[in-house]
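What follows is a short report on a single structure.
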Amino acid sequence: MTKENFGTYKLKTGLAEMLKGGVIMDVVTAEQAKIAQEAGAIAVMALERVPSDIRKEGGVARMSPPELIEEVKGAVSIPVMAKCRIGHFAEAQILEELGVDYIDESEVLTPADDEYHINKHDFKTPFVCGATNLGEALRRIGEGAAMIRTKGEPGTGNIVEAVRHLRTVNAGIREIVNAPYDELMTIAKNHGAPYDVIRRVKEEGRLPVPNFSAGGIATPADAVLAMQLGAEAVFVGSGIFKSENPLKFAKAIVEAVARFDDPKAVLEASRGLPAAMTGLEISKIPQEELMAPRGW
Amino acid sequence: MTKVIGILALQGAIEVHKKHIEALGAKALYVKREEDLDSIDALILPGGESSTMLKLINVFDMTDAIVKRLKEIPLLGICAGCILLAREVKQPEQFSFNMIDIEVTRNGYGTQQDSHEAQINGYDVTFIRAPIISKIGENVEILASHRDHPVWVKQGNVTVATFHPELNTQAPSPMHTQLFNLI
């Protein structure tokens, strides 16, 4: 038998490749996970409270209880992801022990470390991390993240921050692609990003790992906007199970994402939907309650 | 005439096939709609989430057109694509196109932690939440095995692999070359 390797970076980014063009849905019960799978989700994110409830109820938001994650794993055949707090490597170790398919070191939960993120190279399980700009994305990749998702502002049903973050990351990539090699070190310094990852962006003309979008997607059109701005898949949190008919809403977003470049198909997917979640105006949220700025 | 190899482009790892197809001197075409099926000489059903792909084929009303075209041209099913082409699917049971006489067990190795890199016929490949071919019919030829199970098999014009050759940047892969030679 030839040599086999487990937990390599290629396997981690490889799973992210398989998720492209799909919708990852937040679920808080096994029942919701089944609805998400029935609607065509490519993966589910098992968590205790969706971001809009975390926002409403306040308090410290932590990793989900193991029982919940096990129930969700038992209920579906698609990949199951779960969140740990920023810097909380002990929670990440528990999630790895539970055998989740992806760990999200997430700003949606209350950070456990206000200075450092997890060294994700230490784990066999792949990690996804949020980013608001290119430097943040490349620092996470440097730490071992195998997938980036632009953060948006979770639990708001307001797409404006997700759009800003996608455009900011794209602008950063364009800057690097257009720069000569002798300017890359200063660019790395300005972005606070590792030089070797900056070089990979220059050589590949894109982020070296798949780039998905999250935070504030509430309608099929929101998901399509993110896809046309360059996201390769989308995470939908509160948007689905805070709508009036989750199954119908989830199906519509899946269909719209699969044909995001075809307005006729997106129109069809958008017809006859019940009300979307009520959104929040970002400027009305107290500064200290914003989630996107969490991350160092 | 340049041969055109289609990639079913509803969801999954689609673009990574392009370099393998172009390395063979063929043209890659992303098959998103029924009419795209008319302009291809062979079709790759890529890796991704098989249950999502099935739902999209159904919602977009493409089942009849796909079934008709699958019978006419050489096919390569990879991972999720292998599941779609099988005669029967287990764990859980789900609809499949029955284009090759095999039974496939989904996520046969376990979760992502059981995903692994290995070599198939000297070529580096990845098994990512891969299915296992649990039964094969007598007319199915085994092209490669791994851990006592067939992982690359062929029946007539149809080849399937449970692993991913497309993530290897060394192009073309033996599996893409095999498909090309069937045209």
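The values are calculated or read from the model by the stated rules, or taken from the named source; none is laboratory data. These numbers were taken from a predicted model, which means no experiment stands behind them. Heads up, the Cβs are rebuilt from the backbone with ideal geometry, glycines too, and the neighbour counts pull from every protein chain shown.
Tabulated values for the structure
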| quantity | calculated |
| --- | --- |
| Region B:26-65, subset of a type in the set (Val, Ile, Thr) and over 19 Å from residue B:182 (Cα atoms), residue surrounded by the fewest Cβ atoms within 10 Å (Cβ to Cβ) | B:63 |
| Any chance residue A:25 is under 23 Å from residue B:125 (Cα atoms) and hydrophobic (A, V, I, L, M, F, W, C) | no |
| Which numbered condition residue A:22 fails, given (1) away from chain B (no Cβ under 12 Å); (2) touching an Asp or Glu at 6+ places or on another chain (Cβ under 7 Å) | (1) |
| Those strands (runs of 3 or more DSSP E) lying entirely in region B:103-145 with at least 1 residues more than 14 Å from chain A (Cβ to nearest Cβ) and buried (at least 18 other Cβ atoms within 10 Å of the Cβ) | B:132-136 |
| Residue within region B:68-87 that is of a type in the set (Asp, Glu), within 15 Å of residue B:162 (Cα to Cα) and at pLDDT 95 or above present | no |
| Of the criteria (1) surrounded by fewer than 21 Cβ atoms within 10 Å (Cβ to Cβ); (2) more than 13 Å from chain A (Cβ to nearest Cβ), which one residue B:15 fails | (2) |
| Considering residues of region A:1-15 that are outside any loop (DSSP other than H, G, I, E, B) and surrounded by fewer than 24 Cβ atoms within 10 Å (Cβ to Cβ) only, the residue farthest from the other protein chains (Cβ to nearest Cβ) | A:9 |
| Test: residue in region A:241-255 that is within 19 Å of residue A:172 (Cα to Cα) and at pLDDT 95 or above | no |
| Qualifying positions in region B:9-53 - in a helix (DSSP H, G or I) and over 24 Å from residue A:43 (Cα atoms) | B:18, B:19, B:20, B:21, B:22, B:23, B:34, B:35, B:36, B:37, B:38, B:39 |
| Test result for residue A:263, closer than 23 Å to residue A:32 by Cβ, exposed (fewer than 14 other Cβ atoms within 10 Å of the Cβ) and either in contact (Cβ under 8 Å) with a residue 24 or more places away in the chain or out of contact with any His (no Cβ under 9 Å at 6 or more places or on another chain) (or both) | no |
| Test: residue in region B:66-87 that is touching a strand residue (DSSP E or B) at 6+ places or on another chain (Cβ under 8 Å) and farther than 22 Å from residue B:6 by Cβ | yes |
| Some residue of region B:62-72 being more than 16 Å from residue B:97 (Cα to Cα) and either in contact with a Leu (Cβ under 6 Å, 6 or more places away or on another chain) or among the small types (Gly, Ala, Ser) (or both) | no |
| Candidates A:255, A:268, A:232 - the one that is of a type in the set (D, E, K, R), in contact with an Asp or Glu (Cβ under 8 Å, 6 or more places away or on another chain) and surrounded by 18 or more Cβ atoms within 10 Å (Cβ to Cβ) | A:255 |
| Count of region B:155-183 residues which are farther than 21 Å from residue B:106 by Cβ and surrounded by fewer than 23 Cβ atoms within 10 Å (Cβ to Cβ) | 14 |
| Test for residue A:266: is it more than 14 Å from residue A:151 (Cα to Cα) and either within 14 Å of chain B (Cβ to nearest Cβ) or at pLDDT 95 or above (or both) | yes |
| Residue in region B:133-147 that is hydroxyl-bearing (Ser, Thr, Tyr), in contact with a helix residue (DSSP H, G or I) (Cβ under 9 Å, 6 or more places away or on another chain) and farther than 18 Å from residue B:46 by Cβ present | no |
| Residues of region B:54-71 satisfying the condition of being in a loop (DSSP other than H, G, I, E, B) and either closer than 15 Å to residue B:35 by Cα or in contact with a helix residue (DSSP H, G or I) (Cβ under 9 Å, 6 or more places away or on another chain) (or both) | B:60, B:61, B:62 |
| Candidate set from region B:77-93 (those that are surrounded by fewer than 19 Cβ atoms within 10 Å (Cβ to Cβ) and not in a strand (DSSP E or B)); member that is farthest from the other protein chains (Cβ to nearest Cβ) | B:93 |
| Tally, over region B:19-32, of residues that are within 13 Å of another protein chain (Cβ to nearest Cβ) and free of Cβ contacts under 8 Å to residues at least 24 places away in the same chain | 1 |
| Residue under evaluation residue A:202, criteria (1) among the basic types (Lys, Arg); (2) at pLDDT below 95; (3) touching a Leu at 6+ places or on another chain (Cβ under 7 Å), criterion not met | (2) |
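Every residue, every condition in (1) more than 14 Å from every other protein chain (Cβ to nearest Cβ); (2) among the aliphatic types (A, V, I, L, M); (3) closer than 21 Å to residue B:127 by Cα; (4) touching a residue at least 40 places away in the same chain (Cβ under 8 Å), yes or no:
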{"position": "B:54", "(1), (2), (3), (4)": "no, yes, no, yes"}
{"position": "B:67", "(1), (2), (3), (4)": "yes, yes, no, no"}
{"position": "B:75", "(1), (2), (3), (4)": "yes, yes, yes, yes"}
{"position": "B:97", "(1), (2), (3), (4)": "yes, no, no, no"}
